[in-house]
1. What tally of residues in segment 193-244 results from selecting those that are open to solvent by 50 Å² or more (accessible area, probe 1.4 Å), farther than 26 Å from Gln183 by Cβ, in a loop (DSSP other than H, G, I, E, B) and small (Gly, Ala, Ser)?
2. If a residue must be open to solvent by 50 Å² or more (accessible area, probe 1.4 Å) and of a type outside the set (A, V, I, L, M, F, W, C), how many such residues does segment 116-126 contain?
3. Restricting attention to segment 109-120, which residues are touching a Pro at 6+ places or on another chain (Cβ under 8 Å) and of a type in the set (A, V, I, L, M, F, W, C)?
4. Of all residues being in contact (Cβ under 8 Å) with a residue 12 or more places away in the chain and surrounded by fewer than 16 Cβ atoms within 10 Å (Cβ to Cβ) in segment 157-180, which is nearest to Trp105 (Cα to Cα)? Just the residue, please.
5. Inspect all residues belonging to segment 172-184 and state whether any of them is modelled with pLDDT of 95 or more and either under 19 Å from the mean Cα position of the chain (by Cα) or outside any helix (DSSP H, G or I) (or both).
Amino acid sequence: MVQLHVDSHAGSVPARLTIWVNGFLLVNDLTGERSSSRLEPYIRAGENLLEVEITGAVDDRVTVAVQIVDPDNGDPGRSLVSITLPAAGENPFKASERFDLAGPWPIWLWTTFPSVMRPDDPDILLSARAVVARLATLLARGPDTELLDMLRLKHDEIGLALDIGGPHMDAGLRDGLAALRRQDGFRVEMARSAQFRLSWSSDLRLARALRADGTDAIRIGAAGRMDGFEVTLGCPDGTWQVVR
């Protein structure tokens, strides 16, 4: 397995930690936590890119590493790359490192997407929000066949990367939603137009749908709890698709 491992120590003032792997915004949180995430859906054979930024407090310290992990016992093997912040410079602290992976890895469709040359174009923002809003509506009340169709690329590629299959991804989402929809207070919240933002990859090929405060554009939950529903978009042929 390939994992992203985060080891952070918060200072006196909480800071925001953001981590991208190949343009996917995978960590968008406050420091003070240790976590690890599997990276197979976000990496490729050959050169890969890790980017880390920490803002808000200069006395925070975070180490982010990409590691090969033995799946049998979970022990980390060799580290492919590691970044520790803060480093020399002024706040915000940001660093990037490239790392190589030997194949074979599937050729993910997102690796072929072109960049969007005008990320500040209001029409681009409007069209992206329309796709995310449609996804939010389907999460709230279906039909689930259309919902799963919107998520086909995401589920097929993650299912393949994690060796569980797209149908398993479909079933997990469908069953989870069915349980949530039966609970009191079930709701799906979509960011209003004025609050909708896109967090772009450095090469302008991928964009994560967020709110102005940095949380996810879609929130879903019930019984007093709301969680973000992560959405990363790409635009391979002039039309937005849900990539992850």
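The values are calculated or read from the model by the stated rules, or taken from the named source; none is laboratory data. What you see is a predicted model, and the numbers here were worked out from it, not measured in a lab. Please note: Cβ atoms are built from the backbone with ideal geometry, for glycine as well, and neighbour counts cover all protein chains shown. Ligands, DNA and RNA are excluded from the accessible area calculation, which covers all protein heavy atoms including side chains. Shrake-Rupley method; radii C 1.70, N 1.55, O 1.52, S 1.80 Å.
1. 3
2. Count: 4.
3. Initial filter on segment 109-120 (touching a Pro at 6+ places or on another chain (Cβ under 8 Å)): 109, 112-114.
Leu109, Phe113 - these are the residues of segment 109-120 that are touching a Pro at 6+ places or on another chain (Cβ under 8 Å) and of a type in the set (A, V, I, L, M, F, W, C).
4. As a first pass, look at segment 157-180 and keep what is in contact (Cβ under 8 Å) with a residue 12 or more places away in the chain: 157-158, 160-162, 166, 169-170, 173-174, 177, 180.
Still in the running and surrounded by fewer than 16 Cβ atoms within 10 Å (Cβ to Cβ): 162, 174.
Details: Leu162: 12, Arg174: 28 Å.
Residue satisfying both the conditions and the ranking: Leu162.
5. yes
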